[in-house]
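Let me begin by presenting the structure, written as structure tokens, before commenting on it.
The values are calculated or read from the model by the stated rules, or taken from the named source; none is laboratory data. This one's a predicted model, so the numbers in the text were calculated from it and none came from an experiment. Don't worry about glycine lacking a Cβ; one is built from the backbone with ideal geometry, like all the others, and counts go over all protein chains shown. SASA here: full protein model, heavy atoms, side chains in, ligands and nucleic acids out. Shrake-Rupley method; radii C 1.70, N 1.55, O 1.52, S 1.80 Å.
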Amino acid sequence: MVRGCARRRQCDILLRVPTRDLLVVGAGVVGAACAYYAAKAGLTVTVVDRGAVAGGTTGAGEGNLLVSDKEPGAELDLALLSARLWRDLAAEHGDEVEYEAKGGLVVAATAPGMAGLERLAAHQRAAGVRAEVVAATDLRDLEPHLAPGLAGGMFYPQDAQVQPMLAAAHLLRAARDRHGARLWTGVTVTGVTRAGDRVTGVRTDRGDIAAGAVVNAAGTWGGEIAALAGVRVPVLPRRGFILVTEPLPPMIRHKVYAAEYVGDVASDSAGLETSPVVEGTKAGTVLIGASRERVGFDRTLSTVVLRRLAAQAIALFPVLADVAAIRTYCGFRPYCPDHLPVIGPDPRAPGLLHACGHEGAGIGLAAATGHLLAQVLTGADPALDLSPFRPDRFAEVPS
Amino acid sequence: MTRDLAVIGAGPAGLAAAVTAAATGLRVVLVDAGARPGGQYFRHPPDTLAGPRGAARHGWAEFARLRDELAGHVAAGRITHLAGHAVWHVEAHSEEADARFTLHLGGTGSVAVSSGAVREVRARALVIAAGAHDRPLPFPGWDLPGVLTAGGAQALLKGSLVVAGRRVVVAGTGPFLLPVAAGLASAGARVEGVFEANRPGRFARHGARVLRNAGKLAEGAGYAAVLLRHRVPYRVGHAIVAAHGDDAVESVTVARLDRDWTPVRGGERVIECDAVAVGYGFTPQLEIPVELGCATRVDADGSLVVVVDAAQRTSVPGVYAAGETTGVGGAPLALTEGRLAGQAVAAALGAPPARPSRRLLARRARLRAFAATLHDAYAVRPGWAGWLRPDTLVCRCEEVPYGRLDEAVRELGAIDPRAAKLISRAGMGWCQGRICGYPTACLTARIRKRAPDVADLTGLARRPLAQPVRLGDLAEDPAAGGAEDADGADPGGGGPC
Ligand SMILES: Cc1cc2nc3c(=O)[nH]c(=O)nc-3n(C[C@H](O)[C@H](O)[C@H](O)COP(=O)(O)OP(=O)(O)OC[C@H]3O[C@@H](n4cnc5c(N)ncnc54)[C@H](O)[C@@H]3O)c2cc1C
């Protein structure tokens with residue numbers, strides 16, 4: 001009942017808005033998915049970005065579409081919906097976006113770690129996740145180069161991978177070529193236009209653009225766009241580094257990471273966290289992550305982080321010790337204090353919707369985000385309850 | 001290890017800086033990936049923009065002297081020479097720190113550093129003299145075995161892989177083509193021709209006198225004589241616009257070009273050959289200054305270079321640059337800049353003040369003017385983009401054809417070279433854009449109908465890992481001292497992505 005009310009409330013806000021035309025701020029993967037689903041649903045869509053397509057965090061992440069790392073709850077529901085939608089997208093665009101249903105393997109170093117993994121998996125299964133226990137003796141059948149002595153693992157066949165930049169680019173291309181969307185790169189949003197309370201479009205460095213509704217898909221900069229409309233959406237940067245190896249013959253088959261992360265995924269400490277995450281790509285390179293730090297938008301290379309990433313990856317795959325890292329890059333995950341994204345219409349600024357703050361899962365969650373917003377915009381019942389993601393859920397900060 | 005000055009690169013500029021600073025009493029560490037000092041220039045005959053004839057000779061003599069001086073300073077403990085060490089990152093500390101910079105060193109590529117290798121060096125000041133590498137331009141067939149960069153052909157010569165009787169075509173632009181061709185001819189290769197894309201005489205509106213000097217330089221060094229003796233034709237206003245062959249190059253199409261390098265219709269012919277050497281100038285190696293945030297600019301030859309003031313200071317306090325890092329200009333200029341940088345560092349660190357050398361300043365001004373004239377005469381003209389076909393590879397490592405780059409920019413919203421790289425994968429392979437970065441940036445800008453600017457070139461020059469580094473070396477924390485970082489076995493915290 002509560003759920004129904006929430007949905008009706010969202011729709012009410014929108015029903016007051018003629019939304020045949022939509023302006024999306026941000027050409028990252030989230031903005032691309034919003035544009036794709038909305039244009040497909042018949043809206044007239046314009047996407048603007050101050051830079052290039054995928055020039056933000058989408059161009060600085062990995063492309064994992066994960067259900068394995070999420071505890072039961074709103075985010076897992078979103079991830080499961082997204083996993084299904086990505087499979088549908090892959091049927092048409094799979095090669096273009098380098099979709100691989102490779103599966104994820106979570107390994108535990110210790111017996112308690114393995115026990116924790118099994119407990120999590122039991123909960124996840126109840127929510128619809130497929131998870132298969134892998135005995136210690138079978139680990140090397142799945143990943144021949146894994147270090148000896150691990151306690152066991154869990155295999156998640158629903159985990160998949162795309163190349164995020166290609167995903168954003170091809171979703172936008174499909175939105176444009178098949179469904180008439182327009183894409184304006186190199187256009188910076190500097191304000192919003194309003195009629196009374198209502199948001200009626202945006203101001204840009206190239207002039208005003210009117211729109212029936214505006215979607216804030218500005219990722220880590222989503223808080224700034226919200227502020228332009230006079231509302232608070234706390235999105236902050238959480239830095240992550242990735243190491244990229246030289247191209248290698250296929251060696252690592254799945255996405256492999258360590259179980260011990262689970263307790264820390266929603267940690268609030270500003271300190272550095274790293275956990276070994278290793279995966280091969282179609283190009284032959286191996287990507288090594290992942291680190292998390294709250295250091296603002298500082299791009300300075302951190303040797304401490306790189307050393308830890310390398311050491312942890314070698315601990316999982318000793319064979320990597322003799323492989324060269326040829327590249328490193330960092331990006332700024334858009335995170336909210338409660339580690340959930342912000343998705344849906346903003347009752348404080350009618351005509352404005354948000355699709356930002358996806359932290360370390362924006363690639364994975366993009367499809368569901370776009371799909372749900374398109375449902376809201378066309379007055380359909382959203383497939384999921386959006387209230388956990390509502391933009392006005394954060395306490396106001398006393399000024 | 002902590003020193004007053006760390007010098008990156010042991011070519012002419014770095015050597016001169018190290019020796020000059022050491023002579024004032026500073027303690028210096030000189031780091032270079034190569035086994036011996038000398039850099040690119042002194043690995044093979046003096047070449048490229050070598051300066052007027054006298055200066056070229058002078059440069060050689062000076063190098064020999066520098067090498068001896070280096071040996072002396074090393075013996076006296078004033079210079080620590082770390083050969084075979086690649087700098088993969090330079091960390092800048094706060095300005096209050098006494099030693100502002102930490103250089104992180106590794107071996108080269110996936111080769112483990114030797115047990116005695118130094119992994120970390122701290123220094124109060126930094127001179128970047130990392131030199132430059134070959135700048136080829138793509139054309140259909142340039143990915144065939146047998147097509148080499150001009151510098152690569154010289155390296156092959158040393159390995160005597162080019163055997164007598166082989167037929168080689170040399171092409172590109174710039175005076176560097178001459179020593180390459182002469183070297184090949186002297187080694188017994190049949191050089192079918194040297195094709196200079198520019199018409200240096202005609203384009204030189206100013207500085208004609210200097211250009212005549214450049215001509216004399218070639219004669220003086222004996223290149224022209226060698227070419228003449230071997231009956232090697234030298235043609236200006238021509239370029240290789242395609243290479244042909246199944247498994248290796250078998251022939252090339254050479255075309256006559258207009259002044260923008262667009263092939264003139266009917267001006268084509270095919271020349272049989274089994275090796276090709278092409279060079280269109282050089283790309284300075286800017287990873288470290290770019291990562292440190294040093295201001296850069298686009299030089300007259302189209303390359304991204306570091307901005308320096310009269311004392312070779314970059315925009316970042318404590319960081320100096322000399323040699324090709326500040327603009328491709330040849331060994332004599334590099335030597336001069338290196339000396340000036342060494343003097344400036346000494347003055348800044350309070351070593352007994354070296355007399356500011358008017359002679360060096362004047363020489364630098366003269367050599368820079370000379371280099372600028374050459375850049376003007378031997379500039380890369382935009383028409384080369386017209387040599388490409390959709391299936392011509394732009395990036396050889398990742399096998400990215402021009403069509404895919406074009407699609408990324410035109411169809412997929414990659415409006416700048418960085419995005420074009422990420423979406424097309426040009427510049428994402430082993431060379432990380434060191435070879436294909438310049439053409440990729442130029443082509444992207446061209447598709448966007450503009451000239452490449454600093455941001456465009458930086459998009460493909462930014463490499464936070466300045467050199468490949470073996471993961472095993474990276475994992476070892478030199479500060480911890482042990483082979484296995486204690487963190488290594490501990491999976492730690494944080495999520496998977
Ligand atoms: C190291 C790392 C690894 C990651 N790995 C994964 C992973 O494996 N799987 C996964 O799902 N996620 C991963 N992520 C997270 C993922 O990358 C992000 O959640 C996702 O890219 C966010 O996409 P977005 O479209 O919201 O934001 P962005 O891609 O940042 O797009 C926002 C866009 O808005 C534009 N913009 C901002 N302000 C303005 C303005 N005023 N005017 C116009 N345009 C504006 C920006 O230019 C930008 O292009 C990772 C992140 C990092 C850093």
Normalised per residue, the volume of the convex hull around the Cα set of segment A:334-399 (Å³): 91 Å³
P(r), alpha carbons of segment B:340-418 - 5 Å bins starting at zero, rounded %: 3, 11, 11, 12, 9, 7, 8, 9, 10, 10, 7, 2, 0
Centroid-to-centroid separation of segment B:423-465 and segment B:269-327 [C-alpha atoms, Å]: 14 Å
When each of A:Lys255/B:Lys421; A:Lys70/A:Lys255; B:Lys421/B:Lys449; A:Lys40/A:Lys255; A:Lys40/B:Lys421 is checked by Cα-Cα distance, pairs over 26 Å: A:Lys40/A:Lys255; A:Lys40/B:Lys421
Cα gyration tensor shape for segment A:98-225, rounded if a/c is under 1.5, else prolate or oblate: prolate
Buried accessible area, chains A and B (both chains, 1.4 Å probe, Å² to nearest 100): 4500 Å²
Segment B:406-455: proportion of alpha-carbon pairs further apart than 13 angstrom, %: 48 percent
Table column - 3J(HN,Hα) (Hz), segment B:395-404, Karplus curve with 6.51, -1.76, 1.60, x for Gly and Pro: 10, 7, 4, 9, 6, 9, x, 4, x, 6
Square roots of five times the Cα gyration tensor eigenvalues for segment A:157-206, Å: 31, 15, 12
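Subtract the Cα-Cα distance of B:Ala365 and B:Met1 from 0.36 nm times their separation in residues, and report this length gain in nm to one decimal. Could you put the intermediate results ahead of the total?
Working: separation 364, 0.36 × 364 = 131.04 nm, distance 3.63 nm.
Working it through step by step, the gained length comes to 127.4 nm.
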B:Ile271-B:Ala64 pseudo-label distance in nm [points 7 Å out on the Cα-to-Cβ vector]: 3.5 nm
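For chain A, what does the relative contact order come out to in percent, with C-alpha contacts under 8 Å and a separation of six or more?
Worked out over chain A, it gives 25 percent.
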Positive minus negative residues near A:Ala226 (Lys, Arg vs Asp, Glu; Cβ under 11 Å): -1
Gyration tensor (alpha-carbon) shape descriptor, the protein assembly as shown, a/c threshold 1.5: prolate
Length-normalised contact order for segment A:263-399 - Cα pairs under 8 Å, 6+ apart - percent: 17 percent
Approximate shape of segment A:39-101 as ellipsoid semi-axes (Cα gyration tensor, √5λ), whole Å, largest first: 23, 17, 15
Other-chain or far-sequence residues with amide H under 5 Å of B:Gly131's (modelled H): B:Gln285, B:Glu324, B:Thr325
Relative contact order of segment B:297-364, defined on C-alpha pairs under 8 angstrom at six or more residues apart (%): 23 percent
B:Ser94 versus B:Asp309: modelled label distance in nm, points set 7 Å from Cα along the beta carbon direction: 2.4 nm
Whole-percent carbon and sulfur share, accessible surface of chain A, 1.4 Å: 54 percent
Packing rank of A:95-105, A:349-359, B:431-441, A:244-254, where each peptide gets the mean count of other beta carbons within 10 Å, highest leading: A:349-359, B:431-441, A:95-105, A:244-254
Peptide-level mean, for B:88-100, of C-beta atoms on other protein chains within 10 Å: 1
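Using a 1.4 angstrom probe, figure out how much accessible area chain A has per residue, in square angstrom, rounded to the nearest whole.
34 Å²
If I take R0 = 41 Å and measure r between the Cβ atoms of A:Thr110 and A:Leu236 in this structure, what FRET efficiency does the formula 1/(1 + (r/R0)^6) give, to the nearest 0.05?
Between A:Thr110 and A:Leu236 the formula returns 0.80.
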Residues whose placed amide H lies under 5 Å from that of A:Leu183, excluding near-sequence neighbours: A:Val47
Per-residue mean of C-beta atoms belonging to partner chains within 10 Å, peptide B:401-410: 1
Residue-level accessible surface for B:Asp143, protein heavy atoms, 1.4 Å, Å²: 80 Å²
R0 of 25 Å, Cβ-Cβ distance A:Asp205-A:Asp21: FRET efficiency to nearest 0.05: 0.75
Ranked order, A:Lys40, A:Lys70 - accessible area, probe 1.4 Å, largest first: A:Lys40, A:Lys70
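Does segment B:366-479 come out rounded, prolate or oblate by the C-alpha gyration tensor, with a ≥ b ≥ c the root eigenvalues, rounded set by a/c under 1.5 and, if not, prolate when a/b is larger than b/c and oblate if not?
Since a/c reaches 1.5 but b/c is at least a/b, the shape of segment B:366-479 is classed as oblate.
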Rg to Rh quotient for chain A, alpha carbon positions, Kirkwood Rh: 0.97
GNM top mover of A:Leu66, A:Leu272, A:Leu146 - chain A, alpha-carbon springs below 10 Å: A:Leu272
For B:419-430, mean number of other protein chain Cβ atoms within 10 Å: 5
